[in-house]
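Trainee: Quick one: the structure is below, questions incoming.
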Amino acid sequence: MEIIEHITNIFSKTFRDKPAHIARAPGRVNLLGEHVDYNDGFVLPAAIDRATYIAFSPTDSDQTTLIAADLNQQAFFSPQTIPSKIQTDSSPLPDWAHYPAGVMWALLENELSTPAMKAVYSSNVPRGSGLSSSASVEMAFTIAWQTLGRWTLPAMQRALLGQKAENQYVGVNSGIMDQFASACGVENNLLLLDCRSLEWKTIPLPDDVAIVIADTTVRRKLTSGEYNKRRAACEEAVRLLQKDLPDIKSLRDVSVEEFNRFARKLPDEVSKRARHVVQEIERTNQAEALLEAGNVERFGELMNECHVSLRDLYEVSCPELDTMVRIAQSLEGCYGARLTGAGFGGCTVNLVAREKADGFAGLLANNYESETRLHPEIYITRASKGAELLA
Ligand code: GLA
């Protein structure tokens, strides 16, 4: 595979040796259950066939040396320097290195050993596109340190440590979905996760449908600030609703009917955010039965409803995402289309009849380009395996 060859070459040139190991961790796409993981809801992602790859070897020095091949940059850190987010020469850690350093930090906090390594990594998950490139970096480094540290943790525990790195070291208050999907992915299957109990199961993707990912190529800045604000609004809604519903712990505990009864007591914006969450959890609750019954039409309609809700209630869409979704929904073979991931730019996910998928992708690209003058990337993805050490 090209990307493995690429990092292996850089590794050999830089360190004058072959890498001892290669780790791989995928990105993810989410079909239903958006912005509900941090509300204890249900999500339905799949790991995709794009991933972060690391070529790595142990080293005698106590300094970890990383090369980000995609950025052509290096960083150096050790357990002593990471708490203050600096490198071994006392200069600040570059932003991209916060993800691997955050993983080292979270592992050390949990008393897992993180032997120094020399490593080169690269990813074909586009960054900032809603496909969890950062979780894939975190999960790949977790595998690398698990390998060198000679400890083993179940995939869900590794996901939780990645989330801890992201929340407490990088500073994004994200839920568990991305790291979970990257760690636990199963080929040809969707993953249905209960974000409260962390129980999960696989749901096979019907053979005659394809998942098509469409990248608007728009990247928004300040996403993490907006993301944290959405999360705060949900927490505010819980606090206010608890006056009438004292037993609720999160929006997961509020039914649509209860919400309708008390919504008018909430400030406008808080009410819109919470309405999305309560209804989205309700939609995700229907997913399993629909897919099992092969009712892809209705499942696709739920995806379309989800997009409207993310656009109008949660307000995390943008004109380019709306255009991509509108065009997709008008094309033959498309069951459902919506933005995927946190929003504010990035990708849409489309459920399409398999025999129509190639034609769909071509028309979607052409029509989007002629409306926006942007050149999108559109590809049919495969649900893939979770993070792993490659032989
Ligand atoms: C980001 C976060 C996830 C999840 C999604 C929205 O991808 O990392 O935890 O909240 O946004 O569903």
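Trainee: Can you compute the helix-only [θ] at 222 nm over the chain? Use -39500 (n - 2.57) per DSSP H run of at least 4 residues, normalise by all residues, nearest 500 deg cm²/dmol. Show your work: numbers first, answer last.
Mentor: Working: 11 runs with 157 residues, N = 391.
It lands at -13000 deg cm²/dmol.
Trainee: Using only alpha carbon positions, build the gyration tensor of region 263-332, then give the equivalent ellipsoid semi-axes as the square roots of 5 times its eigenvalues, largest first, whole angstrom. Walk me through the intermediate numbers first.
Mentor: Values: eigenvalues 115, 72, 8 Å².
The answer is 24, 19, 6 Å, longest axis first.
Trainee: Please get the size of the charge dipole for the chain, origin at its Cα centre, with Cβ charges of +1 on Lys and Arg and -1 on Asp and Glu, quoted in debye to the nearest 20.
Mentor: Details: 40 positive and 51 negative charges, 146 e Å.
For this selection, approximately 700 debye.
Trainee: State the extension gain, in nm to one decimal, for the chain segment bounded by VAL308 and ASP247, taking 0.36 nm per residue of separation less the distance between their alpha-carbons. Walk me through the intermediate numbers first.
Mentor: Numbers: separation 61, 0.36 × 61 = 21.96 nm, distance 3.01 nm.
Extending this stretch completely gives an extra 18.9 nm.
Trainee: Shifting gears a bit: Given R₀ = 25 Å, what would the calculated FRET efficiency be for GLN286 paired with SER197, taking r from the Cβ atoms and rounding to 0.05? All intermediate terms of the calculation are to be shown ahead of the outcome.
Mentor: Working: r = 19 Å, r/R0 = 0.76.
Efficiency at R0 = 25 Å is approximately 0.85.
Trainee: Quick check: pseudo-label points 7 Å beyond the Cα along Cα→Cβ at GLU315 and SER84, how many nm apart are they?
Mentor: 4.1
Trainee: Show LEU153, LEU190, LEU245 ordered by accessible area, largest first, where the area counts protein heavy atoms only and the probe is 1.4 Å.
Mentor: LEU153, LEU245, LEU190
Trainee: Need the full-extension length gain, SER61 to LYS229, defined as separation in residues times 0.36 nm minus the C-alpha distance. One decimal, nm. Intermediate results must be reported in sequence, preceding the final value.
Mentor: Details: separation 168, 0.36 × 168 = 60.48 nm, distance 4.20 nm.
Result for the pair: 56.3 nm of gain on full extension.
Trainee: Where does the charge balance sit around VAL296 when Lys and Arg score +1, Asp and Glu -1, over other residues with C-beta under 12 Å from its C-beta?
Mentor: Working: positive: ARG298, ARG354; negative: ASP207, ASP208, GLU292, GLU297, GLU301.
In short, -3.
Trainee: Compare VAL209, VAL137, VAL277 in a GNM of the chain, Cα atoms joined below 10 Å, and give the one with the largest fluctuation.
Mentor: Greatest mean-square fluctuation among the candidates belongs to VAL209.
Trainee: Still on this structure: In straight Cα distance, which lysines are under 25 Å from LYS13, not counting same-chain residues fewer than 8 positions off?
Mentor: Cross-link targets: LYS118.
Trainee: Net charge within 11 Å of MET177 by Cβ-Cβ distance, Lys/Arg positive one each and Asp/Glu negative one each, not counting MET177 itself? Don't jump to the answer; show the numbers that get you there.
Mentor: Working: positive: ARG28; negative: GLU34, ASP37, ASP178.
Neighbour charge sum, excluding MET177 itself: -2.
Trainee: Rounded to a whole number of µm²/s, how large is the Stokes-Einstein D of region 59-146 at 10 °C and 1.306 mPa s, given Rh as the Kirkwood radius over C-alpha pairs?
Mentor: On the way: Rh = 13.2 Å.
After rounding, the answer is 121 µm²/s.
Trainee: Taking 0.36 nm per residue of separation and subtracting the Cα-Cα distance, what length does fully extending SER255 through ASP322 add?
Mentor: Values: separation 67, 0.36 × 67 = 24.12 nm, distance 2.84 nm.
Here the answer is 21.3 nm.
Trainee: In whole angstrom, and with the biggest value first, how far do the Cα coordinates of the chain range along each principal axis?
Mentor: 62, 52, 37 Å, listed from the longest principal axis down.
Trainee: Using a/c under 1.5 as the rounded threshold, could you call region 96-209 rounded, prolate or oblate? The axes a ≥ b ≥ c are square roots of the C-alpha gyration tensor eigenvalues, and prolate needs a/b larger than b/c, oblate otherwise. Display every interim value, and only then the final one.
Mentor: Working: a/c = 1.69, a/b = 1.53, b/c = 1.11.
Prolate is the answer for region 96-209, as a/c is 1.5 or above and a/b outweighs b/c.
Trainee: Let me ask something additional. Counting Lys +1, Arg +1, Asp -1, Glu -1, what net charge surrounds ALA25 among other residues with beta carbon under 12 Å of its beta carbon? Don't jump to the answer; show the numbers that get you there.
Mentor: Details: positive: ARG24, ARG28, ARG50, ARG158, LYS385; negative: GLU138, ASP178, GLU388.
Around ALA25, the surrounding residues sum to +2.
Trainee: Accessible area, 1.4 Å probe, largest first: how do ARG16, ARG220, ARG158 sort?
Mentor: Values: ARG16 205, ARG220 100, ARG158 25 Å².
Reading off the accessible areas and sorting them downward yields ARG16, ARG220, ARG158.
Trainee: So how do PHE11, PHE262 rank on accessible area, 1.4 Å probe, biggest first, that is with the largest at the start?
Mentor: Details: PHE11 0, PHE262 25 Å².
The residues order as PHE262, PHE11, largest area first.
Trainee: Going highest first, how would you order 78-90, 51-63 by mean Cβ packing within 10 Å?
Mentor: Values: 78-90: 14.5, 51-63: 19.8.
Going by the mean number of other Cβ atoms within 10 Å, highest first, we get 51-63, 78-90.
Trainee: Also: What is the angle, in °, between the Cα long axis of helix 155-164 and the longest principal axis of the Cα atoms in the chain? Nearest 10 is fine, range 0 to 90.
Mentor: 90
Trainee: A further question on this structure: If you scale each eigenvalue of the Cα gyration tensor by 5 and take the root, what three semi-axes come out for region 1-127, rounded to whole angstrom and sorted largest first? Write out the running numbers ahead of the final one.
Mentor: Working: eigenvalues 149, 85, 32 Å².
Those come to 27, 21, 13 Å.
Trainee: Still on this structure, please answer the following. Given springs between every Cα pair under 10 Å in a Gaussian network model of the chain, which of ALA289, ALA68, ALA155 has the largest fluctuation?
Mentor: The residue with the greatest mean-square fluctuation here is ALA289.
Trainee: Over all distinct alpha-carbon pairs, what is the Kirkwood Rh of region 50-99 in angstrom? Please list the in-between numbers first.
Mentor: On the way: mean 1/r = 0.0852 Å⁻¹.
Its Kirkwood hydrodynamic radius stands at 11.7 Å.
Trainee: Additional query: List the residues of region 307-338 whose backbone N lies under 17 Å from a point placed 7 Å from the Cα of ASP268 along the Cα-to-Cβ direction.
Mentor: It comes to 312-316, nothing else.
Trainee: Under a GNM of the chain (C-alpha, springs under 10 Å), which listed residue has the highest mean-square fluctuation: GLY294, GLY343, GLY175?
Mentor: Most flexible of the set in this elastic network: GLY294.
Trainee: For LYS385, give me every one of the lysines with a C-alpha distance below 24 angstrom, ignoring sequence neighbours fewer than eight places off in its own chain.
Mentor: By straight Cα distance, LYS385 reaches LYS164, LYS201.
Trainee: Starting from the Cα of LYS243, draw a straight line to each of the lysines and keep only those under 16 Å, dropping any in the same chain fewer than 8 residues away.
Mentor: List returned: LYS265.
The values are calculated or read from the model by the stated rules, or taken from the named source; none is laboratory data. Because the structure is predicted, anything quoted here is derived from the model rather than measured. As a convention, Cβ positions derive from the backbone with ideal geometry for all residues, glycine included, and neighbour counts pool all protein chains shown. Surface areas here come from the heavy atoms of the whole protein model, side chains and all, with no ligands, DNA or RNA. Shrake-Rupley method; radii C 1.70, N 1.55, O 1.52, S 1.80 Å.
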